[in-house]
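Comments concern the structure below.
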Amino acid sequence: MKSLKLPHSLHSSHGGKTLIPFPNRKLALSTGLFTRTITLFSPSIFPSGHCDLRVARRMQFSMSSTSASIQPRSEELIGDTSKDLPVSGDSIRHRFLSFYASRGHKVLPSASLVPDDPTVLLTIAGMLQFKPIFLGKVPREVPRATTAQRCIRTNDVENVGRTARHHTFFEMLGNFSFGDYFKKEAIKWAWELSTIEFGLPANRLWISVYENDDEAFEIWHDEVGVPTERIKRMGEDDNFWTSGVTGPCGPCSEIYYDFHPERGILDTDLGDDTRFIEFYNLVFMQYNKKEDGSLEPLKQRNIDTGLGLERVARILQKVSSNYETDLIYPIIEKTSELANVSYALADDHIKMNLKIIGDHLRAIVYLISDGVFPSNIGRGYVVRRLIRRAVRTGRLLGIKGDGRGNLEGAFLPVIAEKVIELSTHIDVDVKDRSPRILEELKREELRFVQTLERGEKLLDEMLVDALSRAKENGTAPCLSGKDAFLLYDTYGFPVEITKEVAEERGASIDMNGFDIEMENQRRQSQAAHSAVKLDVGNGADLAENVADTEFLGYNSLYAKAVVESLLVNGSPVIQVSEGSDVEVLLNKTPFYAESGGQIGDNGFLYFNDGENLQKAVVEIKDVQKSFGNIYVHKGTIREGVLEVGREVEAAVDPKLRQRAQVHHTATHLLQAALKKVVGQETSQAGSLVAFDRLRFDFNFHRPLLDSELVEIEGLVNSWIGAATILQTKVMLLAEAKKAGAIAMFGEKYGEQVRVVEVPGVSMELCGGTHVSNTSEIRGFKIISEQGIASGIRRIEAVAGEAFIEYVNARDYHMKNLCSTLKVKAEDVTTRVENLLEELRMARNEVSTLRAKAAEYKASIIASNAFPGIS
């Protein structure tokens, strides 16, 4: 970091306390009459950045009272006493881990940004790798742990560069207790770390607690000594953490740093970003939330904390934003060099663009390093969106070429080299993976640039037209959803970028129209049944007069229902006679309607003919949803006459339903196996769950190896053999996501969603039907694997009864082949190879004979033409 030039001077003193990166020093801690002297030794104790503490700090305690106030005291420096060294981000990370390691915490490595938990898209918090422990699903291995976790959040990406603290990539330093220590220790250590280890002035720190958490309030005030006027009680939205609809939860307490104490203590708002920054959050998991919303005390109370590294670095390095710390500023400095601008002299807009690139390149590099590659779905879409946003931002800054003489070259890899250079103490694997990271960045940038100029020109024309129309009509300018989709589909513009550009010009986007276009494309790309279309003239009226269908098929394959409406060729009728094709709308049904890739149920509708004899009225061959949640049963009248208002008995074919749900659960297992074998970056791109097979499309850059297919089959069949009971529940969408369920890209969900979990394997939002136990699947076999589009692969497979039929058919054909060739099954390959060789040789002989015959014929013809020539 010798050449690093930060935009503001970084002083080593803070509130009278000298701070150096790796101190050897003595501290005197005062807790009223409680005094202790601590000798701290240089923490060269993490050989690979993540190993256990080998050399602990030595502590000497002298106690004269148990009184309660912890206050910073003057400190005596030992060893290197340079007062000009800034506090580096790397040293803050190291000192945090050392602090908690010396207090019995095991130092654990950061988890990947692609978590082991298949229900979560990306790692968004330090506690994620410990989620199974907090939820009581696995036993703890250690009572205490501490980590420096790499995290990604893109929910507020539009704020990146605009505020001093928002990022897509950040590091969360955390200390965790699994049923060991609790509130008092967590609070006291957090204060000691802040005021003694990092030397923050106590009079600049404010505390928030949950409004009903009197225990935390009393610890902060009575035992730590924070004045009551600097402790704020806050509501559930701000200071109460929950893991989902039910489960572990508890109050939070946060530590804020005050940049402007001169403003006083009256009418203070901790949410004022110009004055305060929250840098340390303590979560006290002490309750279990039950289904009725009531709280009961947990038997094992846990601690989950998070300290934002970039935020603490901003405070200790005395700069105006996180971006100006040594964690990010070198990347901004490199970008400034390529753009030929000075960050210090730049206006706010240019600074914002420099910050966007500085932030996004960190996220991009670490995501690609962890195996997430650009694509149009799932995690890959996150990377692609960030790359394309960075490319466009670079163009706005005037960056041309790679800064090394190639005006057609890519600039992102050049900036990424700086990110990789800074990665040593964050993730040691990044440098080893740098060739692939840089190559992927170069390929993606150049691919986007090919269409960017045309797309930008077209977008400009669209916005000029939208602004002109709005001015003529006196309306608010709005870009149509169709235009936004054209830019997305043809020119690769993420709709978020189109939205940003439009807002810069004062226009909005018709997002509903865009979503409709996306849905239309998704439907057209699926090789499934054609959608049911109600008559244009009467369909809308019908939808208004027919209520949504009540679906009973999760729990029953049989139900009594009333015929609400009948349609023939899309038009409503009162009755339908034998032999006619018909669409039947019922008030409730056990039939599953096609959705989520699963085809609709087959079965029959019965009615009583007056003689207490049941007769088949309609044979149902397909069920579709239309106009929201109206189920349309498509079939043929086999007997009698069906009328509107008649009560019928609806019965699903149980054998076909079993085939469908076997294939649906097998699809979930297949996706989980794919992620485990070829990488978490694979994402679903489409699926078909039929009675005779399943089809799964996924994004991946190469064909799968035979060995990988064998391993995938083996994993799925092992999960089938484990006889795991599936778990399903219905909850609000927001609560389901909070609980960790993953929503598939491109799917639309209502407020209520159904979560299907194969414990230990997968958890997905899914409205389909599934087996109750994986053993019902019986067996799984991949039939084929092939590419269907650029970066999209397709697997077809069979399971359950279809698997047995497939194996039996193969066995039948093999037996016939063995009989014909008169060899054993294990000798068929050799025999066929020999036959092919014999055939090849025979063909060569025939070809030679034909050539000789042709020569002979030619000589005969020549002799006949010239009889005198011998």
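The values are calculated or read from the model by the stated rules, or taken from the named source; none is laboratory data. A quick note: this is a predicted structure, and the numbers were derived from the prediction, not measured. Don't worry about glycine lacking a Cβ; one is built from the backbone with ideal geometry, like all the others, and counts go over all protein chains shown. Side chains are part of the model used for accessible areas, which takes the heavy atoms of the whole protein and leaves out ligands, DNA and RNA. Shrake-Rupley method; radii C 1.70, N 1.55, O 1.52, S 1.80 Å.
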Handout entry: Leading residue by the ranking (nearest to Phe178 (Cα to Cα)) among those in the stretch 133-158 that are open to solvent by 50 Å² or more (accessible area, probe 1.4 Å) and not in a loop (DSSP other than H, G, I, E, B)
Key = Arg144
Problem - Test result for Ser208, open to solvent by less than 10 Å² (accessible area, probe 1.4 Å), over 26 Å from Arg275 (Cα atoms) and in contact (Cβ under 8 Å) with a residue 40 or more places away in the chain - result: no
Problem - Tally, over the stretch 342-355, of residues that are open to solvent by 10 Å² or more (accessible area, probe 1.4 Å), among the aliphatic types (A, V, I, L, M) and either under 20 Å from Thr123 (Cα atoms) or in a helix (DSSP H, G or I) (or both) - result: 2
Practice task
Output the residues belonging to the stretch 291-321 that are in contact with a His (Cβ under 7 Å, 6 or more places away or on another chain) and either of a type in the set (Phe, Trp, Tyr) or buried (at least 21 other Cβ atoms within 10 Å of the Cβ) (or both).
Solution key: Glu310, Leu316, Val319
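Filter the stretch 557-595 down to the residues that are β-branched (Val, Ile, Thr) and touching a Leu at 6+ places or on another chain (Cβ under 8 Å) and list them by number.
Val562, Val563, Val573, Ile574, Val576, Val582, Val584, Thr589 - these are the residues of the stretch 557-595 that are β-branched (Val, Ile, Thr) and touching a Leu at 6+ places or on another chain (Cβ under 8 Å).
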Fill in the blank from the handout: Within the stretch 699-739, the count of residues that are closer than 22 Å to Val771 by Cβ and either modelled with pLDDT under 80 or within 16 Å of the chain's Cα centre (by Cα) (or both) comes to 1
Exercise for the section: Might you let me know whether the stretch 743-755 holds any residue that is open to solvent by 50 Å² or more (accessible area, probe 1.4 Å), within 25 Å of Gln680 (Cα to Cα), at pLDDT below 80 and of a type outside the set (Phe, Trp, Tyr)? Expected result: yes
Handout entry: Odd one out for Gly380, checked against (1) outside any loop (DSSP other than H, G, I, E, B); (2) at pLDDT below 90; (3) touching a helix residue (DSSP H, G or I) at 6+ places or on another chain (Cβ under 8 Å)
Key = (3)
Problem - Selection count where residues are aromatic (Phe, Trp, Tyr) and closer than 13 Å to Lys625 by Cα, scope the stretch 575-608 - result: 2
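Looking at this structure, is His166 open to solvent by 10 Å² or more (accessible area, probe 1.4 Å) and part of a helix (DSSP H, G or I)?
Taking the combined requirement at face value, the residue does not satisfy it.
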Handout entry: Filter result (more than 56 Å from the chain's Cα centre (by Cα) and either open to solvent by less than 70 Å² (accessible area, probe 1.4 Å) or of a type in the set (S, T, N, Q) (or both)) within the stretch 834-859
Key = Ala842, Asn844, Val846, Ser847, Thr848, Ala851, Ala853, Ala854, Ala858, Ser859
Practice task
Could you tell me whether the stretch 268-290 includes any residue that is open to solvent by 60 Å² or more (accessible area, probe 1.4 Å) and part of a strand (DSSP E or B)?
Solution key: yes
Exercise for the section: Consider only pairs whose beta carbons are under 9 Å apart and that are at least six residues apart or on different chains; among these, list those whose first residue lies in the stretch 409-421 and is on the phi > 0 side of the Ramachandran plot and whose second residue is buried (at least 21 other Cβ atoms within 10 Å of the Cβ). Expected result: none
Practice task
Return the total of residues in the stretch 193-205 being in contact with a Phe, Trp or Tyr (Cβ under 8 Å, 6 or more places away or on another chain) and open to solvent by less than 10 Å² (accessible area, probe 1.4 Å).
Solution key: 5
Practice task
State all residues of the stretch 322-335 that are within 28 Å of the chain's Cα centre (by Cα) and open to solvent by less than 10 Å² (accessible area, probe 1.4 Å); if no residue qualifies, say none.
Solution key: Asn322, Tyr323, Ile328, Ile331, Ile332
Exercise for the section: Kindly list the number of the only condition in (1) in contact with a Gly (Cβ under 8 Å, 6 or more places away or on another chain); (2) farther than 24 Å from Leu688 by Cβ that fails for Ala853. Expected result: (1)
Handout entry: Elements of type strands (runs of 3 or more DSSP E) contained in the stretch 755-836, each with 1 or more residues being among the basic types (Lys, Arg) and closer than 27 Å to Phe373 by Cα
Key = 792-799
Problem - His663, sole failed condition from (1) touching a residue at least 60 places away in the same chain (Cβ under 8 Å); (2) crowded, with 19+ Cβ neighbours inside 10 Å; (3) of a type outside the set (Gly, Ala, Ser); (4) in contact with an Asp or Glu (Cβ under 8 Å, 6 or more places away or on another chain) - result: (4)
Practice task
Kindly indicate whether Thr498 is within 30 Å of Leu458 (Cβ to Cβ), open to solvent by less than 50 Å² (accessible area, probe 1.4 Å) and either modelled with pLDDT under 90 or not β-branched (Val, Ile, Thr) (or both).
Solution key: yes
Practice task
Would you point out which residue out of Arg436, Arg385 is touching a helix residue (DSSP H, G or I) at 6+ places or on another chain (Cβ under 7 Å), assigned to a helix (DSSP H, G or I), open to solvent by 20 Å² or more (accessible area, probe 1.4 Å) and touching a residue at least 12 places away in the same chain (Cβ under 8 Å)?
Solution key: Arg385
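Let's see how each residue does on (1) in contact with a Leu (Cβ under 8 Å, 6 or more places away or on another chain); (2) among the charged types (D, E, K, R); (3) buried (at least 22 other Cβ atoms within 10 Å of the Cβ):
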| site | (1), (2), (3) |
| --- | --- |
| Arg793 | yes, yes, yes |
| Glu796 | yes, yes, no |
| Gly800 | no, no, yes |
| Tyr806 | no, no, no |
| Asp811 | no, yes, no |
| Asn816 | no, no, no |
Practice task
Considering only the stretch 233-267, state which residues are over 30 Å from Lys131 (Cβ atoms) and open to solvent by 30 Å² or more (accessible area, probe 1.4 Å).
Solution key: Phe259, His260, Pro261, Glu262, Arg263, Ile265, Leu266, Asp267
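For (1) open to solvent by 20 Å² or more (accessible area, probe 1.4 Å); (2) within 17 Å of Arg388 (Cβ to Cβ), each residue gets a yes or a no:
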| site | (1), (2) |
| --- | --- |
| Val464 | yes, no |
| Arg469 | yes, no |
| Phe493 | no, yes |
| Glu504 | yes, yes |
Completion exercise
So, first residue in contact (Cβ under 8 Å) with a residue 40 or more places away in the chain in the stretch 179-205, second residue part of a helix (DSSP H, G or I) and open to solvent by 40 Å² or more (accessible area, probe 1.4 Å), Cβ within less than 8 Å, six or more apart or across chains; the pairs are Lys183/Glu215; Ile187/Glu223; Lys188/Glu223; Asn203/Pro261; Arg204/Pro261
